[in-house]
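See structure below.
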Amino acid sequence: MNHLIIAPLLLPLVMGAVIVIGVNRSLAWQRTLGLLSSLAITLMTAVLLYQATTGPIQMYVLGDWSPPFGIILVLDRLSAMMIFITSVLALLCLLYAVRGTDEQGKNFHALFQFQLLGINGAFLTGDIFNLFVFFEIMLLSSYGLVLHGAGATRTRAGMHYVMLNLMGSSIFLIGVGLLYGLLGSLNMADMAVRLAHAPADNAALLQAGGLILFGVFALKAALMPLFFWLPNAYGFTSAPVAALFAVMTKVGVYVILRVYTLIFGDYAGGAANVLEPWLLPVALVTLVAGSIGVVASRDLRRTIAYMVVVSVGTLLAVIGTFETDAIAAAIVYLPHTTFMTAAMFLIADLIRQQRLDAGTVLTPDRPVGQERLLGLMFLGGAVAIGGLPPLSGFTAKVMMLTGVQSSSAAPWIWTLVLVGGLFGLIALGRAGSVIFWKTVPLDDGGSDAYSKPPHSGIPVYGGGYVLPVLVLLAISPLLVLCGGPLSEFAAAVAEQISQPVQYVEAVLGGDAVALLLSAAGGR
Amino acid sequence: MSVSVLYAGGGTLLFFIGLHALLVYPHLLRKILAANIMGSGVFMVFVALGARSSDGVTDPVPQAMVLTGIVVSLCFTAVALVLAVRIHRLTGCTTFVQDQEAAGD
C-alpha cells in the first residue's frame, strides 16, 4: 500500500495541531512551520500526480478494513491533479500572507493548515460520508480564515456564509441518509454497484437523493441561485484567503464531476445520468448572472469575485454536456482559471494598499505608487483571465468551444461563454483605466489638484512581495508552452472519469465490475 | 415499523419548525437555535433509517453518522455563537438588518 497517499492529509493535520499548541510562540516560528509544511505537501502531491499520471488508480485503506466496510482514500488522475493545484496555490498564497496578512490575528497559520487538510481530504476520499466530514473541516477552518483580521463588514459577511453552509450541511446529511437508507452503503464505488441493482420502484427516491446532493454541491460551487454568498465572502475577506478560496468553488465542481459520473453514471439503472437535464441550464444561467455581476460591480475585489462565479458557470456548462472531449477541455481550463483568479485577488490587494483613499473602489484617485509594476501585472492578469491570446485563457477557451461542438447546446454555450468573456474584458478594461489612467494629477510637491497634502506611508513593494504574484502569473504562459502534454493529460483524466468501471475495479475488484456490467447488460 | 415512522415524522416536523424559525426570526441567537433544531430533525430521521433491515436488528452505521453529525454541529454552533457575540460587539445590534448601510460605505 502506498502510504504517500495519506501524507497530504496527515502532514497539515499534525502541523496545524503543532502550530495551535505553540500559538504563543513567535510569528516567525509559525511562519516557518507553515511554509515548510506547504512546501512538503507541494512536493508530495507532485510525486502523487506523477504516479497517478503514469500508473493505475490507487487506493489507500485506512486501518486495513477492506472496502466497502472501511474508510478509503482513492487517488486517480483527477484527484491527483486537484490536490496538486491546491498545494501549489496554497504555497503561493502563504508566501504572500507572511508579508503581513498573518499579523492581523492569531491562529492564521493553524487555520491555513486545517483548511488544506479539509480540501485535500475532500479530493481524496472515496466515501461519501467522509466527503461530508471533510467538507465540514474545510468549512470550519474557512470561517476562521474569512473572518481573519475582522471588521464589522467582514464579520457580517462571514455570518451569512456560516448560516448558509449550516443549512447546506443539514441538507447534505438528508441526501446522504436517503441514499444510505436505500442502498445500504456509503462507499462511492460500492454505491455505484448497488445502484445498478436497485429495484425499479426506488428509482424516484434515488433520483431525489441525487438531486438533493446536487443542491448542496451547487451551494459549494456557487451555482445560480446559490451564489449570492460568494461576492460578499470573497470580496470582504483578506486577499491571500480570497486567493486560496479560488480553489474552494472548484471543490464543488470536482464533487459534481465525481459523484455524477461515478455513482449516477451510465450504469445507475433508474437513476442513470440524473443530473444531465439540469447541470447545463443551471450553469448557463450562472454564467449570465456572473457576467452581469462582473460589469455591474464598482469595486475591483467584487468584480473578481464575480469572475469566480463566471468561471464556475463556464466549467460546469462545458462539463454539463458530459462528453469526454468537453470534460478534457474543462480540465485544461480548471487550473488556468484557479490560478488566474487567485493572481487577480492578490494584484487587487497590491493596488488597494497603494491607493489609500479609494482602495479597490473604482473611482478616480491619486496614482498608485508603483504604476509601471502594478499596471503591467494587472495587464497580464487581465489578458490571461479575459481569454486573449497569447496566454492560457485563450487556448483553454478554444479547446472548450471545440470540445462542445458536437453537443446540441453548443450554440448556447458558444454565445454565452464568448459574451461572458467580452463582459469580463470590458469590466477589467474599465477598472484598469480608472485605476491607472483616470488619476487625480499631482504637482511637483506631491499635492493633488484639490491641494490636499501628499500621503505618507504608501508601501513600496520589493521583489519578495510581488514574487508570489509573478509566479502565479507566470503559470499562464507555462500552461500554453506545455499545451501538448497538458491536453494529453487532460484527455487521460477525462477518459478515466467517463469510465467509472476503472474506479470500481480499483476499489472493489473484478467481481464488482462484473456485477455492475451484468446489471447494465440486463437492461 | 411504527416507531421508526414516528421518529422519521417527528424529525421531519422538527426540521420544518426549525426552517420556519430560521426564516421568520431576525435575532441571530434564534437563527442559530433554529439551525440546531433543523439539525436535530435530520438526526432523528437518521435514527429512523437504522431500522432498515427486516429482521429487527438495528443498523449501526446511521447511529455512527449521527454521532459524527452531533460533533460537527457542536463545533458549528460554537463558531456561530462566537460570531454572533462578535457582531454584537462590533455593531451593537443582533440582527442582519443594517446590511445595506454597511455595504454602502
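Taken over the stretch A:129-145, the criterion of being over 15 Å from A:Leu13 (Cα atoms) and either in contact with a strand residue (DSSP E or B) (Cβ under 8 Å, 6 or more places away or on another chain) or not in a helix (DSSP H, G or I) (or both) is satisfied by A:Leu131 alone. Taking each residue of the stretch A:153-168 that is within 9 Å of chain B (Cβ to nearest Cβ) and open to solvent by less than 10 Å² (accessible area, probe 1.4 Å) and looking for partners that are outside any helix (DSSP H, G or I) and not hydroxyl-bearing (Ser, Thr, Tyr) with beta-carbon atoms closer than 7 Å, six or more apart or interchain, yields A:Thr155/A:Leu147; A:Gly158/A:Leu147.
Within the stretch B:33-49, the set of residues being β-branched (Val, Ile, Thr) and either facing chain A (nearest Cβ under 8 Å) or more than 8 Å from the chain's Cα centre (by Cα) (or both) comprises B:Val42, B:Val45, B:Val47.
A residue that is of a type in the set (S, T, N, Q), away from every other protein chain (no Cβ under 14 Å) and more than 19 Å from A:Ala342 (Cβ to Cβ) occurs nowhere in the stretch A:130-137.
Checking the stretch A:503-523 against the condition returns a match, with at least one residue being modelled with pLDDT under 90 and assigned to a loop (DSSP other than H, G, I, E, B). Hey, does the stretch A:76-85 have a residue that's among the basic types (Lys, Arg) and within 14 Å of another protein chain (Cβ to nearest Cβ)? No. For A:Ile171, are the conditions met, namely being under 26 Å from B:Phe46 (Cβ atoms), of a type in the set (A, V, I, L, M) and open to solvent by 10 Å² or more (accessible area, probe 1.4 Å)? Yes, satisfied.
Looking at this structure, is A:Phe217 closer than 20 Å to A:Leu140 by Cα, open to solvent by less than 10 Å² (accessible area, probe 1.4 Å) and in a loop (DSSP other than H, G, I, E, B)? No: the conditions fail for A:Phe217. For the structure I just gave you, tell me whether A:Leu206 is touching a residue at least 12 places away in the same chain (Cβ under 8 Å), in a helix (DSSP H, G or I), open to solvent by 10 Å² or more (accessible area, probe 1.4 Å) and more than 9 Å from chain B (Cβ to nearest Cβ). Taking the combined requirement at face value, the residue does not satisfy it. Filtering the stretch A:34-68 to residues that are assigned to a loop (DSSP other than H, G, I, E, B) and closer than 21 Å to A:Arg258 by Cβ leaves A:Gly55, A:Pro56, A:Ile57, A:Pro67, A:Pro68. Screening the stretch A:68-97 for residues that are open to solvent by 20 Å² or more (accessible area, probe 1.4 Å) and modelled with pLDDT under 90 and picking the one that is farthest from A:Val255 (Cα to Cα) gives A:Phe69.
Being in a helix (DSSP H, G or I), more than 10 Å from chain A (Cβ to nearest Cβ) and loosely packed, with under 14 Cβ neighbours inside 10 Å is the filter here, so list the residues in the stretch B:50-75 that pass it. Answer for the stretch B:50-75, where residues must be in a helix (DSSP H, G or I), more than 10 Å from chain A (Cβ to nearest Cβ) and loosely packed, with under 14 Cβ neighbours inside 10 Å: B:Pro60, B:Leu67, B:Ile70, B:Leu74.
Filter the stretch A:350-365 for residues that are touching a helix residue (DSSP H, G or I) at 6+ places or on another chain (Cβ under 9 Å) and of a type outside the set (Gly, Ala, Ser) and give the result.
So the first thing to find is which residues in the stretch A:350-365 are touching a helix residue (DSSP H, G or I) at 6+ places or on another chain (Cβ under 9 Å), and the list is A:350-352, A:354-355, A:358-365.
Residues satisfying the conditions are A:Leu350, A:Ile351, A:Arg352, A:Gln354, A:Arg355, A:Thr360, A:Val361, A:Leu362, A:Thr363, A:Pro364, A:Asp365.
In summary, A:Leu124 fulfils each of the numbered conditions (1) more than 7 Å from chain B (Cβ to nearest Cβ); (2) free of Cβ contacts under 8 Å to residues at least 24 places away in the same chain with the single exception of condition (2). Considering A:Asp365, A:Asp325, A:Asp357, A:Asp349, the condition of being modelled with pLDDT of 90 or more, under 30 Å from A:Tyr465 (Cβ atoms) and of a type in the set (Asp, Glu) is satisfied by A:Asp349 alone.
Given the criteria within 13 Å of the chain's Cα centre (by Cα), more than 16 Å from B:Val3 (Cα to Cα), open to solvent by less than 50 Å² (accessible area, probe 1.4 Å) and more than 10 Å from chain A (Cβ to nearest Cβ), does B:Ala21 qualify?
Here the answer is yes, as B:Ala21 does meet what is asked.
The values are calculated or read from the model by the stated rules, or taken from the named source; none is laboratory data. The model shown is predicted, which means the values in this text are computed figures rather than measured ones. Quick reminder, even Gly has a Cβ in these numbers, built from the backbone with ideal geometry, and neighbours come from all protein chains shown. Only protein heavy atoms, including side chains, enter the accessible area calculation; ligands, DNA and RNA are left aside. Shrake-Rupley method; radii C 1.70, N 1.55, O 1.52, S 1.80 Å.
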